[in-house]
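Below is one structure; the comments refer to it alone.
The values are calculated or read from the model by the stated rules, or taken from the named source; none is laboratory data. If you're wondering where the values come from, they're calculated on a predicted model, not measured in any experiment. Counting neighbours? That spans all protein chains shown, and the Cβs are built from the backbone with ideal geometry, glycine included.
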Amino acid sequence: MRHASSRTLPGMSKEAEIFQGFLRKNGLKFTPERVIILRLVFETHEHFDAEELFMAVRRAGERVSKATIYRTLDILVESGLVRRHTFDDRQARYEHIFGHKYHEHLHCLSCHRIFEFTHEDLDRIQASVCERYKFTPASRSFFISGYCSRCSPPPLPHPET
Ligand SMILES: [Zn+2]
Ligand SMILES: [Zn+2]
Ligand SMILES: [Zn+2]
């Protein structure tokens, strides 16, 4: 995935400015732990869960509690910088969306790979539905779960005997 935003600005990154503004507005502090989490969340351009982020923090030689990771991920989602996905009954997955184009997902139930796609027809459907219900969209979530081309669907369960 390629970043649309410029990362060459000196000093604070754009996402850090936005996050700091959001924290301030909500009476929260931009603590060193939150700085680390934000940096790592924006360093990976993949989908990750809280456990993977915890491991990334460790690999970076930093110390942040799991509770802080969960809490900060919640705040990042509220701030609109990060999206949370519950593709299946496993842990929620996250991805930073600031700097990326809007996209939808395909999730493989077998290998758990995630594929991203966009389709202009979905935008048309959204516009038409919102028009019909006089609804102002803020976000949407559309994903397809199933089996990717590498994985074959499991056999149908045996009928009860
Ligand atoms: Zn990115
Ligand atoms: Zn698969
Ligand atoms: Zn994605």
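Structural remarks
- Test: residue in the range 108-120 that is buried (at least 17 other Cβ atoms within 10 Å of the Cβ), more than 18 Å from the chain's Cα centre (by Cα) and of a type in the set (S, T, N, Q): no
- Within the range 1-110, helices (runs of 4 or more DSSP H) holding 1 or more residues that are outside the structural domain of Asp123 (by TED's automatic domain parsing) and within 26 Å of Ser145 (Cβ to Cβ): 32-43, 50-59, 66-79
- Matching residues in the range 93-114 - criterion: being at pLDDT 95 or above and of a type in the set (A, V, I, L, M): Leu106
- Here Ile144, Ile114 are screened, and the one residue that is in contact (Cβ under 8 Å) with a residue 60 or more places away in the chain and either in contact with a strand residue (DSSP E or B) (Cβ under 6 Å, 6 or more places away or on another chain) or assigned by TED's automatic domain parsing to the domain that holds Arg93 (or both) is Ile114.
- Qualifying residue in the range 72-91 (condition: in contact with a Lys or Arg (Cβ under 9 Å, 6 or more places away or on another chain), more than 17 Å from Ser141 (Cα to Cα) and within 16 Å of ligand 2 (Cβ to nearest atom)): no
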